[in-house]
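Worksheet for the structure shown next.
The values are calculated or read from the model by the stated rules, or taken from the named source; none is laboratory data. Everything quoted here is computed from the prediction, not taken from an experiment. Cβ placement follows ideal geometry from the backbone for every residue including glycine, while neighbour counts extend to all protein chains displayed.
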Amino acid sequence: MAHILLRHRDIPDISNLEVYKKNGGFEAFKKAVTKMDPGDVTQVVKDSGLRGRGGAGFPTGMKWLFMDRDNWPHYVVANADESEPGTFKDREIMENNPFQFLEGVAIASYAVGAHAAYIYLRGEFWPVAAWLDEKIAEMEKAGYLGEKLFGTNYSLRIYTHLGAGAYICGEETALLESLEGKRGQPRLRPPFPPAYGLYGKPTVVNNVETLTNVPLIIANGADWYKSMGTADSAGVKIFSLSGRVKKPGNYELPFGTTFRQLIYEYGGGIIDDRPVKAIMAAGASSSIIKVDDQALDTPMDYASVRTLGADLGSASVIVIDDTVSMDWLLNKTIHFFKHESCGKCTPCREGNYWMLHLIERIHGGTGSAEDVELLKSVAKQIQGKCLCALGEFSTMAVVSAIERFPEDFKKAVHS
């Protein structure tokens, strides 16, 4: 199956403007601007079943429809922060298939009536930002960005913006605060960005992978896209596979591909051929799936993964074998979330502080069975009480690991 998103693997030098154009580049954008109303573009995306690829899985066309039509100007912001441990798909797209991503930004901008779009990149992506600036300049020179595009009255500019490497800025309202030059902390919602976003104006925030789907959906139609994947999860997904596998990497596959296929057929199996113990399907923010044959044969789509007590999220699949103890794993994840908590809300700020102290005792061999129960209690008291999802995410691995792998913690506290 030819790639839809990672097309550079099939088409050498697709990051070259002429090569991209020879392979249908910017035809979808031209079609949208010259032959379709903005509402029609949004309807095609809605009908395609495309869902957000940043983690939440919210229907993309529906998000575009929520834009406040009585408040102008409108903005589009591409979320290229990609801070989730285990996720590395957006970077590959931007570095190797940049024009398709930028064309997706342009089509989304036309669909929601935006004349300015921003690409918010994590601070460590400064070489990627410079690369995208080059590609944006090439598009402007070729007439794909600027004033009166394709002889119409539509105009568009795209800008890149570097953050400072904060995980919290992957949350869309914290991202918007940072983009405005403020401290990257989440806003109280509602109102949501389509009503009150960048500079207080209606804003659509979409992930890089989400937007990269859009040109081929407009070019080929909603039915073409829905022909791939499942009824719940249409199209293809890039699965970032890492952990104890022989061939980690990005794999673009239709939704509905099983964990077993991803790990063994594409990932080459487990290092030293050891058994799979657990899977984190959504990176560090994931509940931990206890693996058996049923779990391995579960289709990777939004609905099916929930039957395992987890979410697919951004599909950053971390594979854990039987050499890994859960107290070691939690020590890693809690250190990360404690460091990345922005501190705005008390449950996340204080809860992660105490979870860190508890897991250090448990993992360090000085903890007790009571510490394990207290760690679980603290995690559960954080849940449902935070301003954004970071606090919730920090508890997912903790609660699921303690509940599903009690033997690991008994061994850690020697009881």
- Message: Out of Lys141, Lys148, Lys135, I need the residue that is in contact with a Pro (Cβ under 7 Å, 6 or more places away or on another chain), at pLDDT 95 or above and among the basic types (Lys, Arg). Which one?
- Response: Lys135
- Task: State the number of residues belonging to the range 225-256 that are crowded, with 16+ Cβ neighbours inside 10 Å, polar (S, T, N, Q) and farther than 27 Å from Thr333 by Cα.
- Result: 2
- Inside the range 5-35, the number of residues satisfying the requirement of being hydroxyl-bearing (Ser, Thr, Tyr) and closer than 23 Å to Ile238 by Cβ is 2
- Message: Just to be sure before I move on: is Ala219 in the same structural domain as Gln100 (by TED's automatic domain parsing) and either closer than 30 Å to Thr307 by Cβ or not charged (D, E, K, R) (or both) in the structure I sent?
- Response: yes
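Scan the range 360-382 and give yes if some residue there is part of a loop (DSSP other than H, G, I, E, B) and in contact with a Pro (Cβ under 7 Å, 6 or more places away or on another chain), otherwise no.
No; the residues of the range 360-382 include none that is part of a loop (DSSP other than H, G, I, E, B) and in contact with a Pro (Cβ under 7 Å, 6 or more places away or on another chain).
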- Task: Run down Glu84, Glu92 and say which single residue is farther than 22 Å from Pro191 by Cα, touching a helix residue (DSSP H, G or I) at 6+ places or on another chain (Cβ under 9 Å), at pLDDT 95 or above and charged (D, E, K, R).
- Result: Glu92
- Matching entry among Glu147, Glu140, Glu172 (being farther than 13 Å from Val77 by Cα, among the charged types (D, E, K, R) and in contact with a strand residue (DSSP E or B) (Cβ under 6 Å, 6 or more places away or on another chain)): Glu140
- Assuming Tyr154 fulfils every condition listed in (1) of a type in the set (Phe, Trp, Tyr); (2) out of contact with any helix residue (DSSP H, G or I) (no Cβ under 7 Å at 6 or more places or on another chain); (3) under 21 Å from Asp68 (Cβ atoms) apart from one, which condition is it? (2)
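Test Arg349 against the criterion of being charged (D, E, K, R), closer than 25 Å to Arg189 by Cβ, in a helix (DSSP H, G or I) and in contact with a Gly (Cβ under 9 Å, 6 or more places away or on another chain), and give yes or no.
Yes; evaluated as a whole, the condition is true for this residue.
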- Item | Hits in the range 208-241 (condition: in contact with an Asp or Glu (Cβ under 7 Å, 6 or more places away or on another chain) and within 24 Å of Val33 (Cα to Cα)) | Val208, Glu209, Pro215, Ala219, Ala222
- Note on the structure: Among Tyr353, Tyr302, the single one that is of a type in the set (Phe, Trp, Tyr) and outside the structural domain of Arg404 (by TED's automatic domain parsing) is Tyr302
- Note on the structure: If you go through Gly343, Gly367, the only one that is exposed (fewer than 15 other Cβ atoms within 10 Å of the Cβ), over 17 Å from Ser285 (Cβ atoms) and out of contact with any Asp or Glu (no Cβ under 7 Å at 6 or more places or on another chain) is Gly343
- Of (1) surrounded by fewer than 22 Cβ atoms within 10 Å (Cβ to Cβ); (2) part of a helix (DSSP H, G or I), Thr173 satisfies every one except (1)
- Residue ID - surrounded by the fewest Cβ atoms within 10 Å (Cβ to Cβ), chosen from residues in the range 113-159 that are in a helix (DSSP H, G or I) and in contact (Cβ under 8 Å) with a residue 60 or more places away in the chain: Gly151
- Of residues in the range 379-415 being within 12 Å of Ile359 (Cβ to Cβ) and among the hydrophobic types (A, V, I, L, M, F, W, C), the one nearest to the chain's Cα centre (by Cα): Ala397
